[in-house]
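Remarks on the structure that follows.
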Amino acid sequence: MAILPILVTPNPILRRKAGLVSVVDSYIRELLKNLEDTMIAEDGIGLAAPQVGVSKRVLVMDVPANMTVDGEEIEGLDSGQNFYRMVNPEITWASEKISTCQEGCLSVPGQYASVVRPEKVRVRYLNEKGSVCETEFAYLQAACVQHEMDHLDGKLFVDYLSSMKREMLLRKAQRIER
Ligand code: NI
């Protein structure tokens, strides 16, 4: 159990494609636990292994199922499962309907921007026991899981912006770090 330091842009590990996990063993379970502890300590809603310097396809997220991209509760919908631990996640379906979410990232400190993504996605992954799971996510959960999965491919939310806006946000984020 440990709270790990979070890498911030322009650390090159954040831009690397993370490797597939071959076996969900005690090392991966400890990594999941450390990601969970670190996410909670940093007040994040999701965290991917490359953000703590581990280039593996592993992530955690903690978002209620009934929360809109604006952080509002959807009435009549159960909060459902909010905590997910995922190994080797892949998107098996995405809705044509899109939604716009104001995103930020612990690795791009202090910066926020609107990002357009599919409103719903289905994700196949291994859980902490190594079992294959498939879950459909909507609203803020969907935006969050897509954001975290991008980290596994070396992609940051600012990559969805114009090059001018991207460079500006990355420059500002680096200034905060120093
Ligand atoms: Ni992020």
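The values are calculated or read from the model by the stated rules, or taken from the named source; none is laboratory data. As the structure is a computational prediction, the values presented were derived from the model and not from experiment. Ideal geometry is used to build each Cβ from the backbone, glycine not excepted, and the neighbour counts take in all protein chains shown. When the accessible area is computed, the model is the full protein with side chains, heavy atoms only, and any ligands, DNA or RNA have been set aside. Shrake-Rupley method; radii C 1.70, N 1.55, O 1.52, S 1.80 Å.
At-a-glance table
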| quantity | calculated |
| --- | --- |
| Rg to Rh, two decimals, where the stretch 1-112 supplies the alpha carbon set and Rh follows Kirkwood | 0.97 |
| Distance in nm between pseudo-label sites at residue 132 and residue 175 (7 Å out along the Cβ direction from Cα) | 5.0 nm |
| In the stretch 70-137, chymotrypsin sites (Phe, Trp or Tyr not before Pro) in a DSSP loop with at most 14 other beta-carbon atoms within 10 Å | 112 |
| For the chain, accessible area per residue (1.4 Å probe, heavy atoms of protein chains only), Å² | 51 Å² |
| Those GluC sites (Glu not before Pro) in the stretch 72-178 that DSSP places in a loop and that have at most 13 other beta carbons within 10 Å | 72, 75, 96 |
| Trypsin sites (Lys or Arg not before Pro) lying in DSSP loop within the stretch 95-141, provided at most 10 other Cβ fall within 10 Å | 97, 129 |
| Three-way shape label, the stretch 23-176, alpha-carbon gyration tensor, a/c 1.5 | oblate |
| Counted charge near residue 147, where neighbours are those whose Cβ lies closer than 10 Å (Asp, Glu -1; Lys, Arg +1) | -1 |
| Mean separation of Cα contacts under 8 Å (6+ apart) over length of the chain, as relative contact order % | 25 percent |
| Accessible-area ranking of 86, 1, 67, largest first, probe 1.4 Å | 1, 67, 86 |
| Which of 150, 25 is most accessible, then next, and so on - probe 1.4 Å | 25, 150 |
| Residue-by-residue Karplus 3J(HN,Hα) for the stretch 124-138, coefficients 6.51, -1.76, 1.60, Hz, glycine and proline x | 9, 7, 9, 8, 5, 8, x, 7, 6, 10, 9, 9, 9, 10, 9 |
| Gyration tensor (alpha-carbon) shape descriptor, the stretch 105-178, a/c threshold 1.5 | prolate |
| Set 120/165; 17/155; 33/56; 56/155 screened for pairs whose C-alpha atoms are more than 19 Å apart | 120/165 |
| Sequence-separation-based contact order of the stretch 1-75, relative, with Cα cut under 8 Å and 6+ spacing, percent | 34 percent |
| Relative contact order (percent, whole number), the stretch 67-133, Cα cutoff 8 Å, 6+ residue spacing | 34 percent |
| The chain, accessible surface, carbon-and-sulfur percent (1.4 angstrom probe) | 49 percent |
